[in-house]
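Enquirer: Can you read through this structure? Questions will come right after.
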Amino acid sequence: MSQTSAAIKMDSSFRAKLFDFHGVSMTRYFTDNWDDVQNFQARPDDILIATYPKAGTTWVSCILDLLHFGQASPERQTSISIYDRVPFLEMAVPSVPKGTELADKLVTSPRLIKTHFPVQFVPKSFWEQNCRIVYLARNAKDSVVSYFHFDRMNMAEPEPGDWSIFLQRFMQGKMVFGSWYDHVNGWWKKKHTYSKLHYMFYEDLTEDTGREMDKLCSFVGLSPSDEQKKSIAGMVQFDNMKKNNMANHSSISVMDFKISHFMRKGKVGDWKNHFTVAQNEHFDEDYKRKMTDPTLKFRTEIDIASF
Ligand code: PPS
């Protein structure tokens with residue numbers, strides 16, 4: 001049994017409440033270990049994987065883990081869950097080891113560490129050590145749909161309510177880890193002053209996984225063979241990750257797979273199956289007001305023919 005899959009009683013009383021934390025909506029499961037998280041000692045070769053929830057964190061975590069360790073330790077892929085290979089730094093859920101403890105125990109070099117923090121919450125040692133950071137962003141519409149289904153099935157998340165209420169809350173930034181708009185913009189701005197930040201997009205990764213893997217390799221300084229890259233691209237295809245119990249989160253007891261799967265659809269454009277025409281118009285108007293930086297562009301659909 002993996003370290004973080006210890007049994008937690010799955011019922012709705014476990015659901016956490018949102019509260020304002022330094023100006024960001026959070027739950028106690030990600031703030032209870034705040035002091036240890038803020039004092040976390042990063043190492044110069046640590047790689048921080050930062051995302052707003054549901055952007056494809058698990059996908060890019062598997063890619064980076066395979067790129068770094070897939071050759072030397074192939075058994076990792078079948079014996080250690082992705083959330084133990086890539087600890088979730090701020091996680092402080094009762095009865096399971098804290099993210100900081102898991103990260104401290106990692107024996108790999110580099111250590112791959114996940115966070116959903118907005119940029120201003122990142123512990124200072126990551127900046128002081130000049131660590132590489134990979135930020136993966138996903139368009140707002142698919143993010144909110146994915147988040148909605150996640151909050152329905154994850155008993156540690158706040159009660160989602162119905163779809164229209166959830167969408168409204170997303171637009172107001174009242175989600176765990178705060179506003180999507182502030183998150184993607186905050187990290188985008190950081191890219192201008194911090195050179196070791198690789199900002200990438202879920203839609204690009206879907207369109208051409210090989211091309212995005214090449215960019216990641218040059219960012220982290222790896223040169224895998226074509227054969228290795230091909231093999232990794234196959235292993236991280238949605239259907240293969242969904243079947244892989246070490247990647248699909250099936251051992252996490254707070255997640256009720258009868259409601260929805262963690263590896264749910266893995267598509268660009270599923271929002272079209274959720275937004276009404278009126279919701280879409282309202283969302284677009286609000287989006288224009290909030291997303292004023294013309295250099296940060298998201299795609300809400302991609303040309304199927306191109307991948
Ligand atoms: S979390 O809980 O925030 O860490 O979730 P995260 O891993 O960031 O995002 C989960 C969504 O990413 C999709 N996913 C993938 N899509 C395509 N290909 C691959 N390999 C892949 N792996 C994960 C996953 O299905 C969730 O999106 P939705 O839209 O809900 O399916």
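The values are calculated or read from the model by the stated rules, or taken from the named source; none is laboratory data. Just so we're clear, the structure is a prediction, and the values are computed from it rather than from any experiment. Glycine gets a Cβ as well: all are built from the backbone with ideal geometry, and neighbour counts include every protein chain shown. The area values use the complete protein model at the heavy-atom level, side chains included, leaving out ligands, DNA and RNA. Shrake-Rupley method; radii C 1.70, N 1.55, O 1.52, S 1.80 Å.
Enquirer: Among all the lysines, which ones have a C-alpha under 17 Å from residue 288's C-alpha, if same-chain residues fewer than 8 places away are not counted?
Expert: 141, 297
Enquirer: Can you send over the carbon and sulfur percentage of the accessible area for the range 12-306, probe radius 1.4 Å, protein chains only?
Expert: On the range 12-306, the fraction of accessible area on carbon and sulfur atoms equals 51 percent.
Enquirer: Further, regarding this structure: Arrange the residues 267, 141 by how much accessible surface each exposes, largest first, with a 1.4 angstrom probe.
Expert: My answer, sorted largest first, is 267, 141.
Enquirer: A follow-up question, please. Give the accessible surface of the chain per residue, rounded to a whole number of Å², with probe radius 1.4 Å and ligands, DNA and RNA excluded.
Expert: 45
Enquirer: Another question, then. If you add up the charges near residue 133, with Lys and Arg at +1 and Asp and Glu at -1, over every other residue whose beta carbon is less than 10 angstrom from its beta carbon, what do you get?
Expert: Here the count lands on +3.
Enquirer: Using mean Cβ contacts within 10 Å as the protection proxy, how do 36-44, 48-56 order, highest first?
Expert: Order by mean packing, descending: 48-56, 36-44.
Enquirer: Continuing with the same structure: Straight distance only, please: which lysines reach the Cα of residue 229 with their own Cα at less than 16 Å, same-chain residues fewer than 8 apart left out?
Expert: In chain and number order, the partners are 215.
Enquirer: Same structure, new question: Just to confirm my numbers, what's the Cα centroid distance between the range 258-299 and the range 117-161 in Å?
Expert: Distance between centres, Cα-based: 16 Å.
Enquirer: In whole Hz, what ³J(HN,Hα) sequence does the range 41-51 give by Karplus (6.51, -1.76, 1.60; θ = phi - 60°), x for Gly and Pro?
Expert: Karplus values, whole Hz, x for Gly and Pro: 9, 6, 10, x, 9, 4, 10, 9, 9, 10, 8.
Enquirer: Counting each pair of different Cα atoms once, what's the Kirkwood radius of the chain in Å, rounded to one decimal?
Expert: In the chain this quantity evaluates to 19.8 Å.
Enquirer: Would you calculate the separation in nanometres between label points at residue 230 and residue 217, each defined as 7 Å from the Cα along the Cα-to-beta-carbon direction?
Expert: It is 1.3 nm.
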